[in-house]
Every structure is written in structure tokens, then in C-alpha cells.
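Novice: Dropping a structure here in C-alpha cells format, bear with me for questions.
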Amino acid sequence: MQLYQEQTLKLYNTLTNKKEVFKPINEGHVGMYVCGPTVYSNVHLGNCRTFMSFDMIFRYLKHVGYKVRFVRNITDAGHLENDADEGEDKIAKKARLEQIEPMEVVQRYTVDFHNTLQKFNLLPPSIEPTATGHIIEQIEIIKDILEKGYAYEINGSVYFDVVKFNETNEYGKLSGRKLEDMISNTRELTAQDEKRNPQDFALWKKAEPQHIMRWPSPWGDGFPGWHLECTAMSTKYLGEKFDIHGGGMDLKFPHHECEIAQAEASNGQSPVNYWMHANMLTLNGKKMAKSTGNNLLPNEIFSGENDILSKPFVASVVRFFMMQAHYASILDLSNDALLASEKGYYKLMDSLSTLENLETGPTSDFDVETWKNKCYSAMNDDFNTPILIAQLFDAVKHINLIKEGKETITDGDKAKLEEYINAFVFDVLGLENTSASDNNSDKLSGVVELLIELRNEARSNKDFATSDKIRDQLDAMGIQLKDGKEGTTYSLS
RNA sequence: GGCAUCGUGGCCGAGUGGCUAGGCACAGCUCUGCAAAAGCUUGUACAGCGGUUCGAAUCCGCUCGAUGCCUCCA
């Protein structure tokens, strides 16, 4: 009996704009595809939020017992710099600017991507395919779409015929657009466009002689269009129809719309049952984006080397901050918000340590079973992590009350509480305990214990000058002493 | 210009017809040698204007404001 059999998970499907009960195609198994990064520069924090949201979703699905195949690609080719004829691959451009090989760019930023996500404690996906590793698959899909009449070749490039497609299918159903509106709202036409219609998009693009990233194809040397890789890789690893497709809100149109069109044209069916879109992270009220320069790199947060924040923050605090907002809401990052989250995060972590050493009693004042159910309800309601965290703090309150001797808990309930709170905090939310009192070295803890002892001696001798000196200087070093009923503990900040 | 989304107490952020989310900050109290930590208590917020309703932050309309997409973007 798996947990998912007793939990009713609902998620917001951006295809239908409704919250729906999640039912996988194959009982007990979930296929999930998430659009990964284009590796032409360092991942910024906004990227991380999206990947973190889907990491949380991946974790929860696994937690409730699903076998999940989670595919997240690496885009290492194929993004046109602009829509004009001189369209250039983003990675190739970067390579030229930096005078290095394209694959060197890809390598460098892929490593950065992995390092960063690891700091944020993201689980690796089941499969992480690359676009350049699936050129053949992409070419096959283009052939198929051509055969079915939804694409045309011109001058060594192949374009998807959106108008033709729209005659039998519904282009724009994901983003709520109508082709007629799009046509009438087209802004100035790019001069001499070889496309039949501005809404058409490239499946294959002819490579100019100076273009370095190129592959042979039935239409000559070139490179694949922007949207094709995801169709190729999702189909290959998850099948023509799979459960969940995720990505950032900004990919909804045109990227995901085009994916649907490609898949429907090629396979004759809608590829995805549940589309999920994670919302943007803003910085100073503006979208964080590489292209505008309004961005913050994870390393700048960890090191404190930036003009926005007053101090460095550890990755887990940033993760906690993001988990305090619903994945589908816009979240605005600020120094104050991060400081507030940091406090809350350490409060939560401290109470987990407290819980371990909690004394038990004959009865429980805390209804752990009801609490647990509330936690699941929160997650089952479209992965509502803010509500889950509110429940966690409810438990924190009880843990502290029990510690103070104002409430009691039985052995059994304590064990159950430990099991579930740890599961939610670490397995589902993916937080890490950086609270120092738990994982610092034995030597340091020995030294601090000694100082606590000396301070207590001074205090009992009413030598407050000495005792305060120990306390204040430790505090200045980032070691905070906490006097409690059962003696003094400490934590690192 | 077109299409969307959103506007919640000092800050962040849930909630979508009646029943107090939560975190941080602030104040008072308990504890303490004094603090810190911890606990308790208090805050009656929902952009504005109308409408629907016995009842709206929650539904409808308008106004104002913000953001996103429409072009590579998580």
C-alpha cells in the first residue's frame, strides 16, 4: 500500500486553468518533463527557483510512493539569437565572443549549473539529456512533420506551418491565444522573411558558412529549431503521451505552445496531461532575467558580494524563503524578506534539535495524527508549501511548549512527530540542517561547552563582568548562547 | 497597442462567499543577575468606487496601479 493511494493529490493544470485530481497514465508511475537551462551563462536565481519548485514536486511525488521518471534537459544548442534571417545560435555567439569552442561554453556552464543546483540541494533528475545528443531524433521528427504536411522547406530551412496546423488543431490553447488575433496583432514584419507566416517557427535552420555549430541533414547543414529538442527528448524518454510537463511561466508562449503543435502534428495527440508553470522571481519588483541585467547569481548571495543584500545567506535559507511562497505565485526577493526567512529557518531547525532530546510523558497534548494530516492536505492542494510551513511552525510551537514543561507528549507520538516532521522538512522541502549546534566539529563543541561551564561558574560567583564577556564575545563571533531550563545551549549564526 | 495575471495589516506571504494561515518586525507579560533564547497576549489587513447576496478580501462591473507574455528567456 503506497501513500498515494490514500492521498488525493490535486494540481493546477495550466492547460485547463483548473485544479485537477492527479491521475497518472500508468498506476504508480509518473513521467515528468521539465525544460532545463540554456547553458550559455551562469544560472541566475530566477532559474533556480523554477528548478527548485519542480524539485519539490519531484520529491513529494516520490515521497507519496510514485516511481517517477523525471527528465530535465540541457539546452546546449539551437536557440536563435533573434527571429531574423541572420539568426545565430546563442551558444555559438558566446563562443565567438569568448574565443573558445562552443562545447567549452557548454561544459563550463553545465558544470556551474550542476554545482549551483547541488548547493540548493536539488535531486538530480532521472535523465538529463542534451539537445546536441539528440540531433538525429530531432531530424526524424522534422521528416515526420514534413510528411504529414505541417511543415515546409525553403532554402535549406524547415518551418512549421502554423496556419495549416490551426485548420485542424488548436494553436494557442495553452496560452489562451487565438491565431487570428495573433495575425492581426503582428507588429512590423521582418523584411524578407522566408517564412510564409510570421507565426510559423523554425524546425530546422540552415547554417551560414560562419556558423560553427552545425549538423548535416536532408536539407543541408544546419541546426535544429528552438522548440524541437524538448519534443524529441520528452517523446523519446517518456513516450508520446506523458503525465506532467513543467517549466517557467515565460516558456508558456511560444515555447510550450510550439511543443504541443509539434507533438500533435507528429503523433496526432496532445502530448501532456498536466502542464505546470512555475512563476517568476522578481528582484526589486522586476523580473529577474539575464537579458536585462536585473539579476542575482546564487554565488553572489552565498558570498555576500552584491549591492542588494546586507549580508551573505546560505543556500538552505534561500530555499526556505522560496518554499514560503507558492510555486505559481510571483515572488519578490528583497533583503528584508530574506532576513525574515533566515530567522524563521533557524527557529525551525533549532526546534528539530530540541525535538530529538525531548522528554516524553504519559499523555500527549499535541494531536500528531491530525497535524500530520494537515501537512498532507497542504501538499495535496497543488503543492502548497506555504501552508505546509505554517503547519510545521505549529509543531514548532508545541515542541517548545513541551520543552518548557507546559505540555507533554508520549513516546509514540514523539517518534511519529519526528518521523513526519523530518520527512517534510528534509525529504519534501529539501532543506538541509545547517544549524550549527548539530553538525559542527566535536572540538569546537568541546571548547564552547568549556566556556559555558566557565561562564556558569562566574555567574554563580556573581562575577557578571566575566560571564558577560564570555557571552558577548562568543556572540560577536557568531556563537549565540541560549539559557534554558535545562542549562545552556548554543547555536552558530 | 493586443492578451494575461495580480494588488492582503510595518515587511514577506497563504486564503477565494460566513469560522483568526504562517514567518519576520513591533509592544506588553513570564523567565533571567541583566540580556538573548523560549513561551504567552494584543494587532481585526484585504487598491478605490459601485453592484450581486442575509453575508464578500473572496463573485460581477468600472477606475487606478503593478507585473508578465506578445522577441531569446526559468
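Novice: Of all the residues that make up the stretch A:89-110, how many are under 21 Å from A:His44 (Cβ atoms), open to solvent by 10 Å² or more (accessible area, probe 1.4 Å) and modelled with pLDDT under 75?
Specialist: Residues meeting the conditions: 2.
Novice: Check A:Ile301, A:Ile308 and return the single one that is aliphatic (A, V, I, L, M), surrounded by 20 or more Cβ atoms within 10 Å (Cβ to Cβ) and not assigned by TED's automatic domain parsing to the domain that holds A:Gln138.
Specialist: Working: A:Ile308 fails: surrounded by 20 or more Cβ atoms within 10 Å (Cβ to Cβ).
When all the criteria are applied, what remains is A:Ile301.
Novice: Which one is farthest from the chain's Cα centre (by Cα) among residues in the stretch A:385-421 that are over 19 Å from A:Thr354 (Cβ atoms) and surrounded by 18 or more Cβ atoms within 10 Å (Cβ to Cβ)?
Specialist: A:Leu388
Novice: A follow-up question, please. More than 19 Å from the chain's Cα centre (by Cα), in a helix (DSSP H, G or I) and either surrounded by 21 or more Cβ atoms within 10 Å (Cβ to Cβ) or away from RNA strand B (no atom under 15 Å from the Cβ) (or both): does that describe A:Cys258? Before you say what the answer is, go through the steps one by one.
Specialist: On the way: more than 19 Å from the chain's Cα centre (by Cα): yes; in a helix (DSSP H, G or I): yes; either surrounded by 21 or more Cβ atoms within 10 Å (Cβ to Cβ) or away from RNA strand B (no atom under 15 Å from the Cβ) (or both): yes.
Spelling it out, A:Cys258 is indeed more than 19 Å from the chain's Cα centre (by Cα), in a helix (DSSP H, G or I) and either surrounded by 21 or more Cβ atoms within 10 Å (Cβ to Cβ) or away from RNA strand B (no atom under 15 Å from the Cβ) (or both).
Novice: Residue check: is A:Arg455 open to solvent by 30 Å² or more (accessible area, probe 1.4 Å) and either in the same structural domain as A:Ser353 (by TED's automatic domain parsing) or more than 41 Å from the chain's Cα centre (by Cα) (or both)?
Specialist: Working: open to solvent by 30 Å² or more (accessible area, probe 1.4 Å): no; either in the same structural domain as A:Ser353 (by TED's automatic domain parsing) or more than 41 Å from the chain's Cα centre (by Cα) (or both): yes.
No: the conditions fail for A:Arg455.
Novice: To continue, here is another question. What residue, among those in the stretch A:349-366 that are within 26 Å of the chain's Cα centre (by Cα) and more than 8 Å from RNA strand B (Cβ to nearest atom), is farthest from A:Arg319 (Cα to Cα)? Lay out the reasoning, then the answer.
Specialist: Here is the first cut: in the stretch A:349-366, the ones within 26 Å of the chain's Cα centre (by Cα) are A:349-350, A:352.
Next, only the ones that are more than 8 Å from RNA strand B (Cβ to nearest atom) stay: A:349, A:352.
On the way: A:Met349: 14, A:Leu352: 18 Å.
For the stretch A:349-366, the residue satisfying everything is A:Leu352.
Novice: Something else about it: Report the residue count in the stretch A:261-273 for those that are open to solvent by 20 Å² or more (accessible area, probe 1.4 Å) and assigned to a loop (DSSP other than H, G, I, E, B).
Specialist: 3
Novice: Out of all the residues in the stretch A:274-308, which are charged (D, E, K, R) and either assigned to a helix (DSSP H, G or I) or on the phi > 0 side of the Ramachandran plot (or both)? Steps first, answer last, please.
Specialist: Keep residues of the stretch A:274-308 that are charged (D, E, K, R), which gives A:286-287, A:290, A:300, A:305, A:307.
Answer for the stretch A:274-308, where residues must be charged (D, E, K, R) and either assigned to a helix (DSSP H, G or I) or on the phi > 0 side of the Ramachandran plot (or both): A:Lys290, A:Glu300.
Novice: Condition check: assigned by TED's automatic domain parsing to the domain that holds A:Phe321, more than 10 Å from RNA strand B (Cβ to nearest atom), open to solvent by 40 Å² or more (accessible area, probe 1.4 Å) and not in a loop (DSSP other than H, G, I, E, B). Does A:Glu369 satisfy that?
Specialist: Yes, satisfied.
Novice: Oh, and also: Out of (1) within 8 Å of RNA strand B (Cβ to nearest atom); (2) closer than 19 Å to A:Ala423 by Cβ, the odd one out for A:His44 is which?
Specialist: (2)
Novice: Let me ask another. Looking at the stretch A:313-342, which of the residues that are near RNA strand B (Cβ under 6 Å from one of its atoms) and part of a loop (DSSP other than H, G, I, E, B) is nearest to A:Asn17 (Cα to Cα)?
Specialist: If we take residues in the stretch A:313-342 being near RNA strand B (Cβ under 6 Å from one of its atoms) and part of a loop (DSSP other than H, G, I, E, B), then A:Ser329 is nearest to A:Asn17 (Cα to Cα).
Novice: Another question, then. Identify, from the list A:Glu194, A:Glu180, A:Glu170, the residue that is within 11 Å of RNA strand B (Cβ to nearest atom), more than 29 Å from A:Glu128 (Cα to Cα) and either in the same structural domain as A:Ile100 (by TED's automatic domain parsing) or at pLDDT below 90 (or both). Walk me through how you get there before you give the answer.
Specialist: Values: A:Glu194 fails: within 11 Å of RNA strand B (Cβ to nearest atom); A:Glu170 fails: within 11 Å of RNA strand B (Cβ to nearest atom).
Sole residue among the options that is within 11 Å of RNA strand B (Cβ to nearest atom), more than 29 Å from A:Glu128 (Cα to Cα) and either in the same structural domain as A:Ile100 (by TED's automatic domain parsing) or at pLDDT below 90 (or both): A:Glu180.
Novice: Taking the stretch A:261-280 as the region of interest, how many residues are more than 9 Å from RNA strand B (Cβ to nearest atom), more than 29 Å from A:Tyr152 (Cα to Cα) and of a type in the set (A, V, I, L, M)?
Specialist: 1
The values are calculated or read from the model by the stated rules, or taken from the named source; none is laboratory data. Keep in mind that what you see is a predicted model, and the values were worked out from it rather than measured. When we count neighbours, we look across all protein chains shown, and the Cβ atoms used for this are built from the backbone with ideal geometry, even at glycine. Protein only, heavy atoms only, side chains kept; ligands, DNA and RNA dropped before computing areas. Shrake-Rupley method; radii C 1.70, N 1.55, O 1.52, S 1.80 Å.
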